[in-house]
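Q: Just passing along the structure, written as structure tokens.
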Amino acid sequence: MTYFSYFKAEFLVLLRRKQDVINALLFFITVIVLFPLGVSPSPIFLAPAAGGIIWCALVLAILMAIESMFKEDYNDGSLEQLVVSGLSLPLLVLLKILVLWSVIVIPLLLMLPLLSAMLYLPEGSFWVLVATLLVGSPSLFLIGAIGSALTVSLKQGAMLMLLVILPFYLPVVVFATGAIKAAQEGLPYSGLLAMLLAISLLSLVLSPVMTAISVKASVN
Amino acid sequence: MSWAWFHKLGSPRWFFLWTKSWALPLFCLGMVCLLLGLVWGLAFAPTDYQQGNSYRIIYIHVPAALLAQSCYLSLGIAGFVFLVWRMKMAPIFINAVAPIGAVMALMALVSGAIWGKPTWGTWWVWDARLTSVLVLFLLYMGIIAIQNTLEDIVLADKAAALISVLGLINLPIIKYSVEWWNTLHQAATFTLTEKPAMPVEMWMPLLISVIGLYLVVAGLALWRMQSYILEREHRASWVKQEVVGDGL
Amino acid sequence: MQSIVSLTISDLWIERGDRDLCKGLFFELKSGQVMRVLGENGAGKSSLLKVIAGVIAPLEGQIQYAGQDVTHDRKILQQDAIYIGHSAGIKSVLTVEENLRRYYPSASADELEAVLDNLSILDLADTPAKKLSAGQTRRVALARLWLSKKNVWLLDEPFAALDIKGIALLESHIEQHVLAGGLVMLTTHQDLHSIQSYDLVLSP
């Protein structure tokens with residue numbers, strides 16, 4: 001196995017399993033629909049809340065997508081093969097996260113214009129929303145991968161993983177929604193984007209190593 | 001400097017025998033301090049000129065909140081020690097202390113809420129401190145949940161250690177984000193967190209009860225660790241000797 | 001392939017859950033040798049292979065390969081070894097060819113075709129692995145043994161689910177491999193017909 005052949009195969013697997021990706025996107029839309037129906041459909045409520053609603057839905061959808069990222073590899077023995085491949089496990093894990101991130105986040109970005117219009121997000125802050133998604137979402141995937149690798153041996157690991165990982169997502173949600181809100185109120189928001197970027201970079205350093213430790217402990 | 005003590009700490013047997021006689025005295029001494037501090041604080045300390053008697057809950061609230069944070073700090077350190085040096089005692093420590101920390105965080109939350117009612121007029125305010133203690137409580141519950149759910153003990157130990165370390169790295173970020181978020185959203189709420197300078201008769205009992213609670217928790221933690229050691233090392237001959245010698 | 005290599009296990013102690021699977025295990029396996037690991041169910045045959053492959057860490061002991069201590073960093077061994085476990089790491093949504101390309105991207109089309117033909121799974125090359133039978137999946141996994149140029153083979157129940165023809169095919173391939181200087185460790189309950197093997201019996 002080489003890094004490139006692994007990357008290619010991972011991509012191919014996700015393309016063949018496109019229903020999983022579509023499910024995550026549908027889940028995202030469904031959560032968003034809950035808010036106008038459950039709280040209020042009026043623009044007075046939705047416009048200031050739009051950034052928050054989108055980010056809450058985003059966090060849940062990403063968690064659902066990541067939860068099972070190692071499951072099949074664990075069951076079919078691929079995870080063991082990665083460990084014994086002689087290649088760097090953190091790097092392999094990082095490649096896997098990268099593939100998943102691109103497959104989930106790109107369609108999300110394409111859906112954003114429609115969804116933010118439906119939630120009356122002010123036009124001026126749309127690009128800030130896109131920016132928060134781009135710099136913030138990598139950390140969600142990176143942190144989530146650790147939880148996913150730790151709970152992969154469980155048959156019903158989703159709830160546990162949500163419980164363990166969600167608190168770690170809070171700062172990302174706070175800064176991302178804060179940046180969108182700041183943009184809506186005409187305040188500077190670049191500092192908040194920098195915070196998001198810093199969190200993503202920190203998780204980029206820590207997560208592959210920690211996920212590799214978790215994978216090794218799980219295939220034990 | 002000799003590192004022998006550090007390596008000895010890693011041996012459950014050495015730890016058990018060394019701390020066997022410590023738990024009870026620590027716990028009793030702590031209880032005495034705690035009771036002294038509480039009785040002094042609740043009954044004899046002067047009344048606050050702004051808040052009347054309701055401030056007295058700090059004699060429970062502050063020690064609990066301090067312990068909640070200290071326990072988490074120690075979990076993170078233990079997790080790090082386990083991941084780097086694979087010290088056998090570290091997961092036992094995490095196992096033993098996480099529930100205590102969770103109880104402390106819960107006590108801090110509940111006493112905070114009780115304090116909030118007469119002073120803020122509401123049980124709960126999305127104040128930065130309250131929120132971050134709530135998140136701390138959730139982190140504790142996550143560690144406990146992952147320890148209890150994973151059946152493979154090696155995996156469970158590693159998972160709890162990883163989450164503890166991760167939490168320790170994340171705690172300042174969470175705290176900062178919540179504080180920042182709070183100033184953005186809640187600028188108008190009461191800020192009671194700035195306490196007026198206290199007279200000695202007020203802070204002395206507080207200090208005593210803080211020390212007392214620390215000692216109580218240390219005693220409890222030792223007890224819990226000792227029983228985990230016996231459980232985990234039940235195949236070792238020294239454990240058999242220990243149990244048979246004491247019990248049968 | 002290298003001329004002579006050896007895999008030395010000394011004082012190996014493996015613990016699973018609460019049980020010692022083996023303690024103080026010592027053996028040496030050289031080029032040209034086959035070792036059959038025997039034992040009852042749960043005696044730790046698979047675990048031993050996993051420990052050597054580097055999936056599980058041993059509690060104590062040393063593993064040396066080609067004169068180097070690889071106990072803590074298994075990379076040198078892993079780069080020269082192939083491990084095929086119970087679940088063989090075949091992705092169900094990928095086709096047979098894609099699965100093998102995942103492991104051997106540099107294999108030429110002719111080479112791949114010859115191997116698949118040899119294992120009589122050539123006409124399944126474009127079939128997704130999930131549509132294969134257990135025996136066919138096993139053949140796909142074992143095809144890696146024909147494609148790889150690695151010295152050490154660690155095979156966990158390689159004959160499981162294979163038919164008589166498949167077993168004969170694999171046996172003769174193992175024989176060729178050790179003749180060429182490779183070394184093989186396998187777990188099986190099968191008697192090997194054409195191969196001289198050393199037996200390691202694990203008892204609980």
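The values are calculated or read from the model by the stated rules, or taken from the named source; none is laboratory data. Since the structure is predicted, the reported quantities are computational estimates derived from the model, not experimental observations. Ideal geometry is used to build each Cβ from the backbone, glycine not excepted, and the neighbour counts take in all protein chains shown. Calculation scope for accessible area: heavy atoms of the full protein, side chains included, ligands and nucleic acids excluded. Shrake-Rupley method; radii C 1.70, N 1.55, O 1.52, S 1.80 Å.
Q: Please give the Cα centre distance for region B:14-45 versus region B:153-168, rounded to the nearest Å.
A: So the separation of the two Cα centres works out to 30 Å.
Q: While we're on this one: Hey, rough spin-label estimate for C:S148 and B:Q50, points 7 angstrom out along Cα→Cβ, what's it come to in nanometres?
A: Using points 7 Å along Cα→Cβ, the separation is 7.1 nm.
Q: In Å², rounded to the nearest 100, what is the total accessible surface buried by chains B and A against each other with a 1.4 Å probe?
A: 2500
Q: Stick to the Cα atoms of region A:3-219, pair each with every other, and give me the Kirkwood hydrodynamic radius in Å at one decimal.
A: Every distinct Cα pair counted, the radius reaches 17.9 Å.
Q: For the pair C and A, how large is the buried accessible area, both sides, in square angstrom to the nearest 100, if the probe is 1.4 Å?
A: Interface between C and A: roughly 2200 Å².
Q: Another one. Could you pull out every residue, at least 5 positions away or on a different chain, whose amide H is within less than 5 Å of the one on C:M35? Hs are placed 1.01 Å off N in the peptide plane, and Pro or chain starts have none.
A: C:V184, C:M185, C:L186, C:Y198
Q: Need one number: nm distance between label points at A:E185 and C:S106, each 7 Å from Cα along Cα→Cβ, rounded to one decimal.
A: 6.0
Q: For the Cα atoms of chain B, what angle does the longest principal axis make with the long axis of helix B:153-185, in degrees from 0 to 90, nearest 10?
A: 10
Q: Which of the aspartates and glutamates could be linked to B:K175 by a straight reach, that is with a Cα gap under 18 Å, when you skip same-chain ones fewer than 8 residues away?
A: Within the straight-line cut-off, B:K175 pairs with B:D127, B:E194.
Q: Add -39500 (n - 2.57) for each DSSP H run of 4 or more in chain A, then divide by its residues: what number comes out at 222 nm, to the nearest 500 deg cm²/dmol?
A: After summing the helix terms and dividing by the residues of chain A, the value is -29000 deg cm²/dmol.
Q: Just the accessible area for B:R13, please: 1.4 Å probe, Å², rounded to the nearest 10?
A: 120
Q: Carbon-plus-sulfur fraction of the accessible area of region C:73-174, 1.4 Å probe, in percent?
A: 53
Q: Sticking with this one: Return the FRET efficiency for the residue pair B:L207, B:L24: r is the Cβ-Cβ distance, R0 is 25 Å, and the value is rounded to the nearest 0.05.
A: Working: r = 24 Å, r/R0 = 0.95.
Efficiency computed from Cβ-Cβ geometry: 0.55.
Q: Based on the Cβ-Cβ distance of A:F4 and C:K130, what FRET efficiency does E = 1/(1 + (r/R0)^6) give at R0 = 25 Å, to the nearest 0.05?
A: So, using R0 = 25 Å, E works out to roughly 0.50.
Q: Calculated from DSSP H runs of 4 or more alone, at -39500 (n - 2.57) each and per residue, what is the 222 nm mean residue ellipticity of chain B, nearest 500?
A: Working: 9 runs with 190 residues, N = 248.
Result for chain B, helices only: -26500 deg cm²/dmol.
Q: Can I ask one more? Going by Cα centres, region C:135-201 and region A:162-220 are how many Å apart?
A: Measuring centre to centre over Cα atoms gives 48 Å.
Q: If R₀ is 56 angstrom, what is the calculated FRET efficiency for the pair A:V209 and C:F26, using the beta carbon separation as r and rounding to 0.05?
A: After rounding to 0.05, the efficiency reads 0.95.
Q: Follow-up question, since we're still on this one. Apply the a/c threshold of 1.5 to the C-alpha gyration tensor of region A:68-109 and tell me whether it is rounded, prolate or oblate.
A: Details: a/c = 4.58, a/b = 1.74, b/c = 2.63.
Judged from the Cα gyration tensor, region A:68-109 comes out oblate (a/c at least 1.5, b/c at or above a/b).
Q: Only loop residues by DSSP count here, and only those with at most 12 other Cβ atoms within 10 Å; note down the trypsin sites (Lys or Arg not before Pro) in region C:99-204 that meet that. Mind showing how you got there, number by number?
A: On the way: sites: C:R101, C:R102, C:K130, C:K131, C:R138, C:R139, C:R144, C:K149, C:K150, C:K165; in loops: C:K149, C:K150.
Of the trypsin sites (Lys or Arg not before Pro), the ones in loops of region C:99-204 whose Cβ has at most 12 other Cβ atoms within 10 Å are C:K149.
Q: For helix A:3-16, report the angle its Cα long axis makes with the longest principal axis of the Cα atoms of chain A; keep it between 0 and 90° and round to the nearest 10°.
A: So the helix axis and the longest Cα principal axis differ by about 60 degrees.
Q: Under 20 Å between C-alpha atoms is the cut-off here; go through region A:3-219 and count lysine pairs that meet it, provided they're at least eight residues apart or on different chains.
A: Taking region A:3-219 as the scope, the lysine pair count is 10.
Q: Something else now. Given the C-alpha atoms of region C:101-143, compute the convex hull and give its volume per residue in Å³.
A: Value for region C:101-143: 70 Å³ per residue.
Q: Three principal axis extents, largest first, for the C-alpha atoms of region A:78-177, in Å?
A: 51, 27, 21
Q: Pop out the ³J(HN,Hα) list for region C:69-80 in order, Karplus 6.51 cos²θ - 1.76 cosθ + 1.60 with θ = phi - 60°, rounded to Hz; leave Gly and Pro as x.
A: With the stated coefficients, region C:69-80 comes to 7, 10, 4, 9, 10, 7, 4, 4, 5, 5, 6, 10 Hz.
Q: Here's another thing I want to ask about it. Taking a virtual spin label 7 Å from the Cα of B:A113 along the C-beta vector, which residues in region B:57-85 bring their backbone nitrogen under 20 Å of it?
A: B:57-69
Q: Apply the Debye scattering formula to the protein assembly as shown, with a single equal point scatterer on each alpha-carbon and no solvent, then give log10 I(q)/I(0) at q = 0.07, 0.10, 0.11 Å⁻¹.
A: -0.59, -1.05, -1.18
Q: Please list, ordered by chain and number, the residues whose modelled amide H lies under 5 Å from the amide H of C:R16; skip anything fewer than 5 residues away on the same chain.
A: C:L21
Q: Could you tell me which of rounded, prolate or oblate describes region C:124-172, using a ≥ b ≥ c as the square roots of the eigenvalues of the alpha-carbon gyration tensor, with rounded for a/c under 1.5 and, failing that, prolate when a/b is larger than b/c and oblate otherwise? Please report the intermediate quantities before stating the final value.
A: Values: a/c = 1.95, a/b = 1.33, b/c = 1.47.
Oblate is the answer for region C:124-172, as a/c is 1.5 or above yet b/c matches or exceeds a/b.
Q: For B:S21, what accessible area in Å² do you get when you roll a 1.4 Å probe over the heavy atoms of the protein chains, rounding to the nearest 10?
A: 80
Q: Mind giving me the nanometre distance, one decimal, between the label points for C:I76 and A:V39, set 7 Å out from Cα along Cα→Cβ?
A: A separation of 6.1 nm, rounded to one decimal place.
Q: On average, how many beta carbons from a partner chain sit within 10 Å of the beta carbon of a residue in C:54-62?
A: 3
Q: While we're looking at this one, here's another question. Give me the distance between the Cα centres of region B:70-94 and region A:59-134, rounded to whole Å.
A: So the separation of the two Cα centres works out to 31 Å.
Q: Can you give the angle from 0 to 90° between the axis of helix A:158-184 and the longest principal axis of chain A, with both taken from C-alpha atoms, to the nearest 10?
A: In chain A, helix A:158-184 runs at an angle near 40 degrees to the longest axis.
Q: Something else: With bins 5 Å wide starting at 0, give me the P(r) of chain B over every alpha carbon pair, in whole percents.
A: 1, 6, 11, 15, 16, 15, 13, 9, 7, 4, 2, 1, 0, 0
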